[in-house]
Amino acid sequence: MKNTIEGFGEKVFGLPIMEKRLSAATFASLKKTIDAGATLDAGIADEVAEAMKLWAMEKGATHYTHWFQPLTAATAEKHDAFIFPDFKGGVITTFSGDELIQGEPDASSFPSGGLRATFEARGYTGWDPTSPAFIKYDEVGAATLCIPTVFCGYNGEALDKKTPLLRSMKVLSEQTVRLGKLFGVDCGDTMAKATLGPEQEYFLINAELFDERLDLKQCGRTLFGRSPAKHQQMEDHYFGAINSRVVAFMADLDTELWKLGVPSKTRHNEVCPGQFEIAPVFETLNIAVDHNMICMEVLRATAEKHGFVCLLHEKPFAGVNGSGKHNNWSIQGPDGKNWLKPGDNPHENAKFMTIIVALMKAVDTHADLLRASVATAGNDHRLGANEAPPAVVSIFLGECLHDVVEQIEAGGAKSSKSGGHIHLGVDSLPKLPRGNTDRNRTSPFAFTGNRFEFRAVGSNQSPAGANVVLNTIVAEAFDEICTKLEADKAAGKDFNESLQALLAGLIKKHKRILFNGDGYTDEWLAEAAKRGMPNLKNCEEALEPLATKKAKDLFAKYGVLSNEELASRYNIYVEGYERVIAIEAATAVTMARTMIVPAVVTAIAEYSEVDAVKCYADEMSALLGKVVIGIAKVEKAHHPKDQIVAMGELRSAVDALEALVPADLWPLPTYADMLFI
Ligand code: ADP
Ligand code: MG
């Protein structure tokens, strides 16, 4: 038996294929670019392009596309055929190095947030050789070679999500390598990298029910609907045996993802009926982000093949669990080791604790930016809405690590728990509980033994934004810590002494960010307010930190986003939010007017004829009056806040009617129909 998965990566132009199909010199040069971030040698581009084209054509591809991630929630592609006239009436196939490296899509139809006037429509895409090209087949079998690229305006300003992500990875790498040197890790040119394993939650519903719900089609979520008597309160769905139709879907999904080189590993039922999760094995951050975008696409396409629709919205159904994307993030040092794992010796442990304290500093200083990175209309239904996770960003370290942090703060004082001194760089840490033993599901930012899990990312969002923030704020913390330690060293101070003093000071300053309790309780919200921690409840408020001087200075200082690039994102996200709410408002009005009102009128007419149920007719009439008022209110509202309030009132009248109108007259599939597949 072969110890491999048949077909894994067969649609990917990855390192093994490159090695086979490129000359040794070209392969070595390209590998250096991929592994060590060396500048791409333009001289090899023609050979790589030709090899890619031949490989893709053997797989049935006729077209290629620069595949990129504009500032929308989706990916973008524009296909070009591999053809060129031979000027004798026929064509030859070509794909040049220039075409591989750079494309010029018309940028005017993508959001630029004011970065570029529409008359300056040209933008360009640039190859990201670190993320492998792949072949995408659509349902009818057309195959396209997809080349992951960045997307920029003509002056180099980033118009996409990948460019700042790559920039933030670079600064994090530089600062990590610098930090490592202080702890005796010197690996020459080798970079450090961030790693990511995004767990993806989603719902499946039957396609024919989806087709009957205008709200799902237009908004991705239900705008009306009563919670069924039984939903998730029996707690029997999470990790339960998976329905066989869903298993068939999941098996197909994994096969497709594996062919595309996406290492999907874990699949299970989630908390709510109809809700599921898929998690890959972690990878280098930018590749993991690309793979998550691919995963979302394949989820949708595979669902369709199986007669389902995959809902990636953060809250498709009110009153039951929403969907998130748990962002498992860590740092792999230049030595190839995971630096968020407690080490084997006192020196490594001192480095580990320094990184933990740096994260405390980073998250406490910029909790508002992390919150901003997950602010969307959809995520408003999770964050700050009494659901996982809360809108207040705090860190969970677990009891044991928390205790170590407190001991360092006390300067190596006698500890009540482990009963010993901890002197950084000299003593070992007490055994920390490994992995899953110590869990807090209510924390938005939790240490889980060898990584941090940021749980506030929305299921529908690209993970890029949150990781741009995370990389940059951690790079800043490392930078400041290194600057101090290097100065102390130059002044001849003892390293362990100066580290101990520095960390104790940082802990004192930032320990308010630590919270091990239940993040959902009102007591915690009150306590967080007392600690002066931001609690940004809705998208509008939560985006504001992007417009502050603190944010502008941070991203500009590290070359991740210029002030203009940051401003463009702020504009795009605010506008996007307003648009989503406006679409929801218009959809709610249409459904209420053209579907709900007529059904209720029929029901009232029928019931009015029978004395015994006339009282039901009166009840429905009263509610119908509220619906009519509600519709008018939604139509009149123009600001998102007012639209949301008005939609809420309209919804409560409609949902009350759902319990009274005869089931055969009710024009919408119910929650019970949709959630139990
Ligand atoms: P759980 O639901 O128990 O949190 P899962 O297995 O569903 O765990 O998901 C955990 C995710 O964390 C996986 O994608 C896994 O690959 C990822 N992960 C593990 N180690 C690291 C690491 N060092 N860096 C980034 N992600 C990691
Ligand atoms: Mg999981």
The FRET efficiency for Lys20 and Asp98, from their Cβ-Cβ distance with R0 = 22 Å and rounded to 0.05, is 0.35
Quick one: 3J(HN,Hα) in Hz for the stretch 524-536, Karplus 6.51/-1.76/1.60 with θ = phi - 60°, rounded, Gly and Pro as x. 5, 4, 5, 5, 4, 4, 4, 6, x, 8, x, 10, 8
Could you check how much of the accessible area of the chain is carbon and sulfur, as a whole percent, using a 1.4 Å probe? 55
Across the stretch 12-160, qualifying lysine pairs (alpha carbons under 17 Å, at least 8 places apart or different chains) come out at 8
Measuring from centroid to centroid over Cα atoms, what is the spacing of the stretch 290-324 and the stretch 38-93 in Å? 30
Relative contact order (percent, whole number), the stretch 12-160, Cα cutoff 8 Å, 6+ residue spacing: 26
Among the aspartates and glutamates, which fall within straight-line cross-link reach of Lys325, defined as a Cα-Cα distance under 12 Å, with same-chain neighbours fewer than 8 residues apart omitted? Glu199, Glu201, Glu277, Glu314, Glu453
Report the full-extension gain for the segment Asp427 to Ala38: residue separation times 0.36 nm, less the Cα-Cα distance, to one decimal in nm. 136.1 nm
Report the FRET efficiency, 1/(1 + (r/R0)^6), for Ile583 and Ala659, where r is their Cβ-Cβ distance and R0 is 30 Å, rounded to 0.05. 0.65
With a ≥ b ≥ c taken as the square roots of the eigenvalues of the C-alpha gyration tensor of the stretch 567-627, please select rounded if a/c is under 1.5 and otherwise prolate if a/b is larger than b/c or oblate if it is not? prolate
Helix-derived mean residue ellipticity, 222 nm - over the chain, DSSP H n ≥ 4, -39500 (n - 2.57), to 500: -14000 deg cm²/dmol
In terms of the Cα gyration tensor, with a ≥ b ≥ c the square roots of its eigenvalues, is the stretch 238-310 rounded because a/c is under 1.5, prolate because a/b exceeds b/c, or oblate? prolate
Förster-model FRET efficiency, 51 Å R0, Asp553 and Asp611, C-beta, rounded to 0.05: 0.10
Can you pull the accessible area of Thr62 for me, 1.4 Å probe, Å² to the nearest 10? 80
Over the stretch 577-675, what is the mean sequence separation of C-alpha contacts under 8 Å (at least six apart), divided by residue count, expressed as relative contact order in percent? 36
Exposed loop sites here are chymotrypsin sites (Phe, Trp or Tyr not before Pro) in DSSP loop states with at most 12 other C-beta atoms within 10 Å. What is the longest stretch of the chain lacking them? 240-677
Could you tell me the relative contact order of the chain? Use alpha-carbon pairs under 8 Å, at least six residues apart, and round to a whole percent. 15
Let a ≥ b ≥ c be the square roots of the eigenvalues of the Cα gyration tensor of the stretch 1-91; is it rounded (a/c under 1.5), or, if not, prolate (a/b larger than b/c) or oblate? rounded
In whole Hz, with x marking every Gly and Pro, tabulate ³J(HN,Hα) for the stretch 330-342 from phi via Karplus 6.51 cos²θ - 1.76 cosθ + 1.60, θ = phi - 60°. 8, 10, 9, x, x, 7, x, 9, 6, 7, 9, 10, x
Ranking by accessible area, most exposed first, for Arg122, Arg21 with a 1.4 Å probe: Arg122, Arg21
Under a 1.4 Å probe, counting only protein heavy atoms, Leu502 has an accessible area in Å², nearest 10, of 30
Just tell me the longest site-free run in the chain, where the sites are GluC sites (Glu not before Pro) in a DSSP loop having at most 11 other beta-carbon atoms within 10 Å. 236-608
With every protein chain kept in place and a 1.4 Å probe, the chain has an accessible area per residue in Å² of 42
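The values are calculated or read from the model by the stated rules, or taken from the named source; none is laboratory data. Predicted model, so just to flag it, every value in this text is computed and none were measured. All Cβ positions, even for glycine, are placed from backbone atoms using ideal geometry, and neighbour counts span all protein chains on display. For the accessible areas, the whole protein counts, side chains as well, though only heavy atoms, and no ligand, DNA or RNA atoms are used. Shrake-Rupley method; radii C 1.70, N 1.55, O 1.52, S 1.80 Å.
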